[in-house]
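Report on the following structure.
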Amino acid sequence: MKKLLLIIAIISFVVLGTGCAKKQTVTPGGLMDTPQAHYAEGKRLLKQNQVDEARKEFNRAILLDKNYAPAYEGMALVYLAKGDLKLAEKYANDCLKRDKNFVPGMVAKGRVLMAKGDNKGAIKWFDRALKNNPKFEDAYIYKADALVNMQKYDEAEKVYSEGMKNLPNSQELNSRWQMMQDMRRAAAGLPPQYLAIARSPAITRADLAALFVVELDLDKITKKPGPPEAKKFYAPQQQSVMGKPAGKAGTELPSDVNNHWAKHYIMKVMELGIMEPYPDGKFHPDEPITRANFAMAVQNLLAGLLKDPSLTTRFIGSTSPFPDVPNSHFAFNAVMLVTTRGIMKAKLDGTFGLSDKVPGKDALLIMKRVKANL
């Protein structure tokens, strides 16, 4: 009997010990080995897009204190960045269970809902966050993003304005408000759907082809479907718009365009010699257009529609005013043409930005200036 009681006591001790071990947190290894320090480091790593390293920091914070709400908010943002919305929402909920008044947790919850397509639900959480802390910058930013997703541009602009009143020194809010103004200016006089183009961070080659055809009404202003002689639309030495040697323009439609939504737009700009395929024979319609290739396309357009092939060689041999555009560059003449005509502008640092992508708002403003030149 005593032996049986001893065995039961040992088993109970092991079970209780195991249960306690599960509840234990790790022992800090140093003065800075705290949940707060690891949370701060995790947020810093997230800003640098080091998602996996950030996850380790937030996880360490949880191991040090399982009730530390901010660590769960950090984990929610990690899984949001990874695209795992189920885990992201779980951690956001875990955060708010531990501290229902933690404002960043409310914003994390809203961001998860926004990623799931529930913009209305997201706005409720952003409003809750702002009610608790009207000076929390992220709540304004993501609330405005949700409104833009709903195409409520006026309301989004009001959110930025409200944010700047409460946070007058916020460069981010001021920058976003200014961007909204630029979008409106770019889409002024255009159908409402053009605001969606204006807010795009980069347009594709297919987008540009469509803009040329629709905005300039190429079918109307060109009397015949084909361009003048192909040589009128190429820079010297038969350089293509991609900056590599190109042969005679092909007449067949590139294979990657056959089933593309922009097929007919691409056909038109190719027929007119405005844009052409890559040397590999494909058009790469979904690739972002660069400023260099945008300039080349505008040059080809002007040379054809104005019936002035000299536009493609006018600046050859002249000195380049741009430190990043040598006069030997394939797009040099085009860059000079569009900048001297005010169609495209240099960047604030004096460079042209040959390989930079073209935001939608910039593309719309450029198209307006092209119209003025025609």
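Just to verify a number: FRET efficiency for GLN48 and LYS307, C-beta to C-beta distance, R0 = 56 Å, to 0.05?
Once rounded, the FRET efficiency stands at 0.60.
Hey, with R₀ at 25 Å, roughly what FRET efficiency would LYS131 and ASN169 work out to, going by the Cβ-Cβ distance, to 0.05?
0.70
If R0 is 22 Å, what FRET efficiency do you get for SER318 and LYS345 from their C-beta distance, rounded to 0.05?
0.75
Starting from 0.36 nm per residue, how many nanometres of slack lie between TRP261 and MET150 once their C-alpha separation is accounted for?
The TRP261-MET150 span can extend by a further 37.6 nm.
Just to confirm a number: summing +1 for Lys and Arg and -1 for Asp and Glu over residues other than ALA129 whose beta-carbon lies under 15 angstrom from that of ALA129, what do you get?
Net local charge, ALA129 excluded: +1.
Order the peptides 278-289, 58-69, 145-156, 327-338 from the highest to the lowest mean number of other Cβ atoms within 10 Å of their residues.
Going from most to least packed, we get 327-338, 58-69, 145-156, 278-289.
Given points 7 Å out from each Cα along the Cα-Cβ axis, report the ALA115 to ALA372 separation in nanometres with one decimal.
If labels sit at ALA115 and ALA372, their model points lie 4.3 nm apart.
Farthest toward the dipole's positive end in region 26-124, which of ALA92, VAL26, GLY117, given Cβ charges of +1 (Lys, Arg) and -1 (Asp, Glu) about the Cα centre?
Most positive-ward Cα: GLY117.
Can you compute the charge dipole magnitude of region 283-351 about its Cα centre, using +1 on each Lys and Arg Cβ and -1 on each Asp and Glu Cβ, nothing else charged? Give it in debye, rounded to the nearest 20.
280 debye
When the dipole is taken about the Cα centre of region 323-374, and only Lys, Arg (+1) and Asp, Glu (-1) are charged at their Cβ, what size is it in debye, to the nearest 20?
Around 340 debye, computed over region 323-374.
Once you keep just the Cα pairs under 8 angstrom separated by 6 or more residues, what percentage relative contact order results for region 290-350?
It rounds to 35 percent for region 290-350.
At what distance in nm do the modelled label points of LYS82 and LYS97 sit from each other, each positioned 7 Å from its Cα along Cα→Cβ?
It is 1.9 nm.
Quick note: the coordinates plus some simple rules give every number you see, no bench work behind them. Here the structure is a predicted model, which means the values were calculated and not measured. All Cβ positions, even for glycine, are placed from backbone atoms using ideal geometry, and neighbour counts span all protein chains on display.
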